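First comes the structure, then the notes that go with it.
The values are calculated or read from the model by the stated rules, or taken from the named source; none is laboratory data. All of these numbers come straight from a predicted model, not from anything done at the bench. Cβ: placed from backbone, ideal geometry, glycine included. Neighbour counts: every protein chain shown. Each accessible area value is taken on the protein alone, full model and side chains, heavy atoms only, with ligands, DNA and RNA left out. Shrake-Rupley method; radii C 1.70, N 1.55, O 1.52, S 1.80 Å.
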Amino acid sequence: MNNPLQQELNTFLENISLTNSMFYQTATHLKNQKKTLLVRFEGKDPEEGIMGTALAIGDLTGPSDNGFKIFYHTGKRDVIKVKDIPGSVEALISREGMRSVATCYEVLESFLFDITAAYLYNNPDEYCKAGKIANQKCISLDDYKEKVRKYRGKNNADIVKLIKRLSERFNESEQPRRYNISQWYQVISHVRHAVVHSAFKINKKRADFTAYQKELFEHHFTFEEDFQQYSLRMSIEDSKKQIILVAEYGFHIFKSLSMEKGYDWQVLKGMKKEVTN
């Protein structure tokens with residue numbers, strides 16, 4: 001049977017693939033630049049500055065110079081020295097990797113809503129399971145996508161709960177006796193927030209990880225820890241693994257929802273076609 005959910009999966013995987021490619025390109029260029037800089041400044045004074053930035057800003061409600069903005073120095077500056085080259089480049093790669101993971105999280109977030117909407121659109125008899133939006137009329141796929149986005153909740157827990165109601169297979173895969181990937185999703189939600197909003201730092205009190213979530217966090221992410229926070233220090237491999245895991249989680253949801261209706265879920269190249277009940 002043709003799968004009406006496949007277009008949502010295709011869009012999701014295309015966006016993950018693009019982000020993965022951009023990260024690979026950026027990391028490769030930065031590593032090559034590090035080699036070039038190390039050769040160029042070999043034997044130089046390690047304290048010699050090779051590049052720097054200074055932050056100057058304007059006063060939005062202040063005077064201008066005949067219509068031209070007047071800039072004022074903030075006193076904030078940063079200088080990269082010869083001795084800083086390796087660490088600086090590695091920090092750039094690490095941060096770019098973490099930003100790529102955060103971008104993939106955003107792609108996954110959109111996918112959760114879109115594939116749920118597509119499922120309900122193609123199976124309107126299931127719409128009664130949609131809880132708080134079940135009494136709101138939907139006609140087009142766009143209608144469903146708009147309504148389903150009301151299932152936001154903290155770290156998108158509400159939309160995951162809706163998917164569990166729609167797919168018993170997905171729900172069964174999340175039971176404690178097996179690897180609970182929804183708990184990983186809660187952890188990576190905090191990682192994404194740290195990358196986007198908190199300078200790569202997770203506040204321990206605010207995150208309030210359960211013992212199992214802390215175990216997942218330690219397994220999947222590299223960080224430095226003090227009394228108040230975790231400071232993310234992800235390597236290239238750390239980020240690559242998380243990008244792949246995001247893609248796998250999206251496929252897992254696609255597979256679970258597809259199996260509920262007997263749709264063909266074996267759509268990836270090399271998958272053996274099997275009869276599933």
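Take the chain with all the other protein chains still there, run a 1.4 Å probe, and you get 59 Å² of accessible area per residue.
In summary, the helical segments of the chain meeting the span-like criteria, namely a full DSSP H run, a Cα extent along the axis of 20 angstrom or more and a mean Kyte-Doolittle hydropathy of at least -1.0, are 6-40, 85-122, 181-197, 236-260. For the range 140-277, the carbon plus sulfur part of the accessible surface works out to 48%, probe radius 1.4 Å.
Ordered from largest to smallest accessible area (heavy atoms of protein chains, 1.4 Å probe), the residues Cys128, Cys104, Cys138 come out as Cys128, Cys138, Cys104. Taking 0.36 nm per residue of separation and subtracting the Cα-Cα distance, full extension of the segment from Ser110 to Arg206 would add 32.1 nm.
Computed from the C-alpha gyration tensor, the three semi-axes of the ellipsoid equivalent to the range 1-130 are 46, 26, 11 Å, from longest to shortest. Residues Thr19, Thr26 ordered from highest to lowest accessible area at a 1.4 Å probe: Thr26, Thr19. An ellipsoid equivalent to the chain, defined through the eigenvalues of its Cα gyration tensor, has semi-axes of 43, 24, 20 Å when rounded to whole angstrom and sorted largest first.
Across Arg40, Arg165, the residue with the most accessible area heads the list, and the full order at a 1.4 Å probe is Arg40, Arg165. Every helix of 4 or more DSSP H residues in the chain counts as -39500 (n - 2.57), and over all residues that averages to -18500 deg cm²/dmol at 222 nm. With all protein chains in place and a 1.4 Å probe, the accessible surface of the range 1-111 carries 53 percent carbon and sulfur. What longest region of the chain stays clear of chymotrypsin sites (Phe, Trp or Tyr not before Pro) that DSSP places outside H, G, I, E and B and that have at most 13 other Cβ atoms within 10 Å? Here the longest segment lacking exposed loop sites spans 1-178. For the range 182-277, the residue among Ala207, Met271, Phe221 whose Cα projects farthest onto the positive side of the dipole built from Cβ charges is Met271. Ligands, DNA and RNA excluded, the heavy atoms of His29 present near 120 Å² of accessible surface to a 1.4 Å solvent probe.
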